[in-house]
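Participant: After the structure tokens below, expect a handful of questions from me.
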Amino acid sequence: MVADWYDGVTLATEWRPAAEGVASRYRLMLTNDTGEALRDFRLGISGPARISDDAELVGAKVVTQLSNFCELAPERGFVLAPGARWTIDVLKLDYPIRHGTDGAATGFLILADGTTRSLRTVPTRREGSDAVRKKGTAIYEVPEHPPVPVSIVPWPQDVAVSGRRTAPAGLAPISSAVGKSAAAAFGKLTEKLFPGEGLVRPAHEGGFPVELSVGAGGKEGYAIEFSAERARIVGETETGLLYGLITLGQILRGARLHLRQFNFPTAGRIEDRPAMAWRGSHLDVARRYYARDEVERFIAILAWNKLNVLHWHLSDDESWRVEIDAYPQLTGKGAWRGYGMPVPPLLGSGPERTGGYYSKADIRDIVAFAGEVGVDVVPEIDMPGHCYAMLQAIPALRDPGENAPYYSIQSFPNNCLNPAVEATYGVVEAIIDEMVELFPSRYFHVGADEVPEDAWHSSPAANKLRKELGVTGAAPLQARFLQRLQTYLTSKGKLTGAWEEASHGGGIDKANCYLVGWKTQEGSQQLAAEGYDVVVAPGQAYYLDMANTEDWHECGAAWAGWSSPEKAYAFEPTAGWGDGERSRLLGVQACIWSEPMTDRAVFDRLVFPRLSAIAETGWSSNRDFNRFKALVGLMPNLYGRYEGF
Ligand code: TNX
């Protein structure tokens, strides 16, 4: 009989930080309350913290390890008696645990016959602290006396409104040929974001008439004129008109939900246009899979923040997420993780097969919806680094002569496409061919980040190429690889996007690319000085996987520090840049890396309201945190999880 393992066996983990004279210690405790003795088993864990194979362990030994997946075995013949506890002390981790979400999120038993049993795994505790992990978006209460009469995020360029009327029940956009798609897009947006609120309603249900008309405004600008009986939005494009409707929708929600604090104006004007052209958010769907519905709601949230780019991180070491007809194994093997599978459980995924991918039909729908709401979807296939899942799916792309490992920063062995293996180009070009059919964006992002310095060091093919080129190390080979990809993408009419490391080892053609600066603000400035078009997204301020504060009980990562909403808001993307450098700025972007998002409430805590803080930097020429704080509580989050719920 199989005991009720899930309830009966518990994995608890505890972190003791290093202090004077005391080394750090990561302790794993497995308790058996099944009433049966457990024997012949091993423990599997996954969660961001990594136990390296050279870690000093007391109470267990490492059987296998891959990045943050680890299989631990007790001594031979070990029996965990009913009521007993097995304690494992790990005395060396690759990096200290700074927040609870760094610890093991999933534990499971591996039995002698190779089958697995999930365990109850309790959140990692810090020794001496019983603080409960914070989850859900922090609450931003609307103050009794907000500093502005209308609720709009990001704040417009010029607000000169007056008068006050009871908030109308809903908006009734009146579109002729003009504004038809803006009105339809606004309907879809409000349905997704605020179902049941009836923000759009026809005249016979009391909808407030909103005329949509053509006029100057630029690509995304608009003006709204208020009168007691109607509002008129003037825009040059459907996106401008949609942005006008969004502004009006925000004003309406504020006035309706907080009638004492906010107004619905009866006179005056709002004039608005964005400060920056590129206002993006990156979303890593490789570390964690987000279903189509989640991605679409996320896109709707971007639009509600007047963000206009989704940088969609579709592949990484941990998975491959795009259906490619020519290589079905990419998703067949690469989209899934599980015990005994080509990609093991990672980052808290359990022993069971989990994952998913976007079919071509899904992608077409997502991209079409994004287009309707003014969001350009820039796909990213991360190459040549971060390719463990891809190489597990297509092992023929490895150099068969390569006989020694190198490790990525996340500790994946030999995870880079090899620039000296000619077959690589055929595969990558076939992938690009299929993807350019799906993504109409002018841009295609090819990754280029975090290739280890010693990548391909034991590959005879790579060493031969190095010799021919008279170069050493990985960077020049990576640059060559990227240059070939860029030439191919250019032939397809695409501009190449990449992370900042694409500038290393000789770089790529500056005329047909943009780079995302992620390490530091000065690094972005340097790229601009070198003549690259730049999107600024430094880890210290714009990485929404970093925790909101230093506190243990805040969720999130810590390698780039922490960033409160206020800090993200206050960040000046081009502080200290000269005019020439500024002319290279495309804009700003939030980066949502998913390693810590073991739980959707963690997502809501990490992403909101910082996403809106970055949106306001991208849009507004007039920033004020006090105003932002008073208004941002009205902005939607992805899962409806708020602190305390
Ligand atoms: C660095 S930023 C990475 C990602 C990680 C991220 C976590 C970048 C281009 N590479 O692979 O997910 O840090 O913050």
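None of the figures in this text is laboratory data; all of them are computed from the coordinates on show. None of the values given here were measured: they were computed from a predicted structure. Cβ sites come from the backbone with ideal geometry, for glycine too, and all protein chains shown count toward neighbours.
Participant: Can you pull out the GluC sites (Glu not before Pro) in segment 385-450 that DSSP calls coil and that have at most 13 other Cβ atoms within 10 Å? Before the final figure, lay out the partial values.
Facilitator: On the way: sites: Glu402, Glu422, Glu429, Glu434, Glu437, Glu450; in loops: Glu402, Glu422, Glu450.
Listed in order of number, the matching sites are Glu422.
Participant: When the Kirkwood radius is taken over all Cα pairs of segment 55-129, what Stokes-Einstein diffusion coefficient follows at 25 °C and 0.890 mPa s, in µm²/s?
Facilitator: Estimated via Stokes-Einstein, D reaches 173 µm²/s.
Participant: Calculate the all-directions average of the projected area of segment 256-395's alpha-carbon convex hull, and give it in nm².
Facilitator: 12.1 nm²
Participant: Would you mind checking Lys333/Lys494; Lys567/Lys629; Lys92/Lys134; Lys188/Lys494; Lys219/Lys306; Lys519/Lys567 for any pair whose Cα atoms are more than 19 angstrom apart?
Facilitator: Check vs 19 Å cut-off fails for Lys333/Lys494; Lys92/Lys134; Lys188/Lys494.
Participant: Let me ask something else. Roughly how many nanometres apart are two label points built 7 Å out from the Cα toward the Cβ at Asp509 and Asp94?
Facilitator: Calculated label separation equals 3.6 nm.
Participant: Normalised by the number of residues in the chain, what is the relative contact order in percent for Cα pairs under 8 Å and 6+ residues apart?
Facilitator: This gives 15 percent for the chain.
Participant: Find, among the GluC sites (Glu not before Pro) in segment 298-360, those assigned to loop by DSSP (not H, G, I, E, B) with at most 15 other beta-carbon atoms within 10 angstrom. Before the final figure, lay out the partial values.
Facilitator: Details: sites: Glu318, Glu323, Glu352; in loops: Glu318, Glu323, Glu352.
Of the GluC sites (Glu not before Pro), the ones in loops of segment 298-360 whose Cβ has at most 15 other Cβ atoms within 10 Å are Glu352.
Participant: I would also like to ask the following. How big is the Cα convex hull of segment 92-224 in projection, averaged over all directions, in nm²?
Facilitator: 18.0 nm²
Participant: Per the Cauchy relation, a quarter of the hull surface: what is the mean projected area of the convex hull of the alpha carbons in the chain, in nm²? Write out the running numbers ahead of the final one.
Facilitator: On the way: hull surface 126.4 nm².
Approximately 31.6 nm², given one-decimal rounding.
Participant: Then there's this: Mind checking the full-extension length gain between Asp293 and Thr487? Use 0.36 nm per residue of separation minus the Cα-Cα distance, one decimal, nm.
Facilitator: On the way: separation 194, 0.36 × 194 = 69.84 nm, distance 3.48 nm.
Contour length minus the Cα-Cα distance gives 66.4 nm.
Participant: At a Förster distance of 60 Å, what's the computed FRET efficiency of Ala18 paired with Ala169, Cβ-Cβ distance as r, to 0.05? Before the final figure, lay out the partial values.
Facilitator: Values: r = 60 Å, r/R0 = 1.00.
That pair, Ala18 with Ala169, gives E of 0.50.
Participant: Tell me, in nm to one decimal, what length is gained between Arg364 and Ser227 on full extension, where the rule is 0.36 nm per residue of separation less the Cα-Cα distance?
Facilitator: That works out to 45.3 nm of additional length.
Participant: Work out the charge dipole of the chain with +1 on the Cβ of Lys and Arg and -1 on the Cβ of Asp and Glu about the Cα centre, then indicate which of Ala160, Gly517, His504 is farthest towards its positive end.
Facilitator: The residue sitting farthest along the positive end of the dipole is Ala160.
Participant: A follow-up question, please. Can you list, bin by bin at 10 Å, the percent of alpha carbon pairs in segment 1-110, starting at 0?
Facilitator: 14, 48, 29, 8, 0
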